[in-house]
Every structure is written in structure tokens, then in C-alpha cells.
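Structure record follows, encoded as C-alpha cells.
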Amino acid sequence: MAVNSTAPTGVFAALRVRDYRIYWSTGLVSNIGSAMQGVALDWFVLTLTHSGTALGWVAGLQFAPVLLFGLWGGVVADRYDRRTLLLWTQTLYAVQALLLTVIVFSGHAALWLLYVLSFALGCVFTVENPARLSFVTELVGRALIPKAAGLNILSLNAARLIGPAIAGVLIGAIGTGWVFALNAVSFTVVLAGLLSIRPRARETRAVSRPPWTGAGAEGLRYVAARPELVGVFTIFGLAATFAVNFPTTLTLFAGRVFDVGSRGLGLMNTALAVGTVAGTVAATRGVSPRIRTVVVGALLFGGFEALAAVMPTYPAFLALLLPAGFTLMTLNTAVSAFVQSEVSDAMRGRVMAVYTVISMGGSPVGAPVIGWISQHAGVRWGLGVGAATAVL
């Protein structure tokens, strides 16, 4: 599929490309289902165990495979057809959601089984995420990469705006099992979308297919040789590990601090998502993402999160989630667009795997730590320690 050499301008410019428009819109449906499942799983674990530590482990186990196997996932994304990989991984996501549905409806939802399914979800994500991030260039071309990268994050955050609100209502009305079932169905939409598009050929695959041995380390060496990438990844990694643990902290605030139930939790996630959507749109307007934007985004995000941690009332807490979400996505979008623009296509999958490890691989450490602090020192301390890490 040919792409014009002169790229159209505007936040939504990449959507003018037919295949990317299909990919983005069908992915949005699936992302909404996944966001619904995330809220439902967090709430189900809290009601099952009444433990902040268990909640932290469920969140952490979803990202443990990223820490353990993340670089290998990037090698897979560079070696094999990314569209085929996405078809397989989306199917496995659907299977995981179906298994959650079955165990909840059957009454056999033991905590250890939820741990296993959370870890399995992370294993699929380890391959799917670098493949998905790299696949964008096969749809839009290099000129539109910054716009497409911002729109990808916009899709995720729009889903976090819509999904939790729906989940908050459905959990109380029909139960978590049906939320998991709806998520499983949502993957049929993205599978149909993937089957209908034909990405451009990857010119580098025939001449530079990476070997299995040492290919992951090659991605690390590539990043290490670029001081600007090292700086961006360091800032983002620390913030992502300790400050971005909202599945744990928001669930605990809803259940223990403000006692607002699943609907209140859904509203919290919605408020955060409103800020993240606005932040993504604002960041995507920038023509060339800068390292300075990353630094300022991390400082402001940590500051607003710290203020939220000490808010005495539920409405005040909701109000602070808006700027916290805005500044988080200023940081996140700037990092994603900067990295995507700076790497060669031959190394893209492996570098995006490093990005995935940096941004999410720390969760197995950060989520249990923040969960433990919340359990023993108080929920406000858990959120506040994460905020302090982002600022420092």
C-alpha cells in the first residue's frame, strides 16, 4: 500500500490511511472490552480476598512476563509477519477472557488460578505489544509515525474512558462474569479488522531477519549507544514502575478510603481517562516530540498525583485525577512518539520491546510494593510514595 511522501497534517492525519483507520477503529472496540475486564478483575479480586497485597500481585503478574521475556518478544516481532502475530495474539486474548468467564460462572475462581491467568495474559502481551507498535509503520509509513503513535495511545485512553464507566455499571447489574464474556466477544471485531487490511511489505525482513541468539541484547546495545534514548527510558521507567499503579491504588481508594463501590471505581477510572485523552490529543499536536516534554511531564504528573493522595473528599480526589491523567499522557505520548521516530525499521521491534520492558516490566516490582505499602501504611501513602518517585 503506497503512502504519499507528503504527509497530511493534524492530530487525526493518520486516519486518512484506509488500513490504519480500520486497524485503529476495530482496535478501539477491543481496547474498550479489555478496559472493562481490567476493572472487573480488580474488583473481583478485592471482593474475593479483601487484600491490597493480592490486588498488587494480580496487577504485577500481568506484567512479569514483560520483565522476564520482553526482549524476546521484540525479536519475534522482527522475525515474523506482524499481522500474523497479531491475529494469533488477539485470539489468545479472547481465550484468556473466556477462561475467566468459565471459572467465575462455575464458582471455581481460586486466587491461584487468577494469578495463573494474569501471568498468561502477560505472556501474550509480551509478543503482542512490540508487534502492534511496530505494525503501525507498515500501515502509515515513517512520515506519519508520530501521529499514529499518538492515536494508538488515544485509542487506549479513550477505551479507559469508556470501558471503566460501562464496567462499573455492569458489575453491579449483571456481575463480573458477564463483563469477561463481553471482552471475549470484542476480540472478534479486531480479528475481522486485521483480516481486512493488507499492510505494506517489510523491505528489511529478507535481508536483516535477526537471529535468535543475541538479538535481544542487540536491542539493548542499540539503545545504550543512544544517550537520548537512555535518558528518556530512565525517566519513564521509574515513573511507570512506581507511580503508574492505578489498578491497585484506585481500587483501594474506592473500597477503603471513600467506600464508593464498583460504580465509584468506574467513575475514578473515567475521570483519569478524561485527563489522559485530553493529554494525548494535546501531545499529538506537537510536530516533533522533545526530551524536555518528557521531563516536564514526569514532574507535573508526580506533583498532581501527590496532591490527589492527600485530598480529603471523593469529589476533590476525582478532580485531581484529571490533571494527573493529562500530564501522564503528555509524558507517555512524548516518549512513544520520540522513540518511534528515532529508530530504524530493522531494529524497531526490538527497541519497542525495550520500551515495553521499561514502561511495563517494572510493574511486577512496583505493583506489589505499592500494594504492600497501601496495606500496611495506608492507601494514601501507597499513592504518595509512587508520586514522590516520579518527582525525584
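The values are calculated or read from the model by the stated rules, or taken from the named source; none is laboratory data. Computed from a predicted model, the values in this text were never measured in an experiment. Heads up, the Cβs are rebuilt from the backbone with ideal geometry, glycines too, and the neighbour counts pull from every protein chain shown. Ligands, DNA and RNA are stripped out before the accessible areas are found, and what is left, the full protein with its side chains, is counted by its heavy atoms. Shrake-Rupley method; radii C 1.70, N 1.55, O 1.52, S 1.80 Å.
When the residues of the range 249-277 are narrowed to those that are among the hydrophobic types (A, V, I, L, M, F, W, C) and open to solvent by 10 Å² or more (accessible area, probe 1.4 Å), which ends up nearest to A309 (Cα to Cα)?
Restricting attention to the range 249-277, the residues satisfying the condition of being among the hydrophobic types (A, V, I, L, M, F, W, C) are 250, 252-254, 257-258, 260, 265, 267-268, 271-274, 277.
Checking which are open to solvent by 10 Å² or more (accessible area, probe 1.4 Å) leaves us with 257-258, 260, 267, 271-272, 274, 277.
Values: V257: 11, F258: 12, V260: 16, L267: 17, A271: 15, L272: 14, V274: 19, V277: 22 Å.
Selected residue: V257.
Please find, among L151, L139, the residue that is open to solvent by less than 40 Å² (accessible area, probe 1.4 Å), in a helix (DSSP H, G or I), closer than 20 Å to R18 by Cβ and touching a Pro at 6+ places or on another chain (Cβ under 7 Å).
Numbers: L151 fails: touching a Pro at 6+ places or on another chain (Cβ under 7 Å).
Criteria check complete, one pass: L139.
Tell me the residue from Q96, Q62 that is in contact with a Leu (Cβ under 7 Å, 6 or more places away or on another chain) and surrounded by fewer than 24 Cβ atoms within 10 Å (Cβ to Cβ), please. Reasoning before the result, please.
Details: Q62 fails: surrounded by fewer than 24 Cβ atoms within 10 Å (Cβ to Cβ).
Every option except Q96 fails the conditions.
Among the residues of the range 155-167, which ones are modelled with pLDDT of 80 or more and not polar (S, T, N, Q)?
As a first pass, look at the range 155-167 and keep what is modelled with pLDDT of 80 or more: 155, 159, 162-163, 166-167.
Of everything in the range 155-167, those that are modelled with pLDDT of 80 or more and not polar (S, T, N, Q) turn out to be A159, I162, G163, I166, A167.
So, in the range 10-40, of the ones that are within 12 Å of L154 (Cα to Cα) and of a type in the set (S, T, N, Q), which residue ends up surrounded by the most Cβ atoms within 10 Å (Cβ to Cβ)?
Once the filter is applied, the top-ranked residue is N31.
Of the residues that sit in the range 358-380 and are outside any helix (DSSP H, G or I) and farther than 14 Å from G60 by Cβ, which one is least open to solvent (accessible area, probe 1.4 Å)? So that I can check it myself, show each step before the final result.
Start the filter on the range 358-380 by keeping residues that are outside any helix (DSSP H, G or I), which leaves 361-362, 377-378.
Narrowing further to those that are farther than 14 Å from G60 by Cβ: 377-378.
Working: A377: 60, G378: 24 Å².
Restricting to residues being outside any helix (DSSP H, G or I) and farther than 14 Å from G60 by Cβ, the top hit is G378.
Go through the range 99-136 and give me each residue that's open to solvent by less than 10 Å² (accessible area, probe 1.4 Å) and of a type in the set (F, W, Y).
F135
Restricting attention to the range 336-392, which residues are hydroxyl-bearing (S, T, Y) and touching a Phe, Trp or Tyr at 6+ places or on another chain (Cβ under 9 Å)?
To start, the set of residues in the range 336-392 that are hydroxyl-bearing (S, T, Y) comprises 336, 341, 344, 355-356, 359, 363, 374, 389.
Result: S336, S344, Y355, T356, S359, S363, S374, T389.
Between residues in the range 60-83 that are in contact (Cβ under 8 Å) with a residue 24 or more places away in the chain and residues that are part of a helix (DSSP H, G or I) and acidic (D, E), which pairs lie under 7 Å by C-beta distance while being six or more apart or on different chains?
Within 7 Å, the pairs are R82/E138.
Collect the residues in the range 381-392 that are open to solvent by 60 Å² or more (accessible area, probe 1.4 Å) and under 19 Å from G325 (Cβ atoms), keeping them in residue-number order. Walk me through it before giving the result.
Filtering the range 381-392 for residues open to solvent by 60 Å² or more (accessible area, probe 1.4 Å) gives 381, 391-392.
V391, the sole residue that qualifies.
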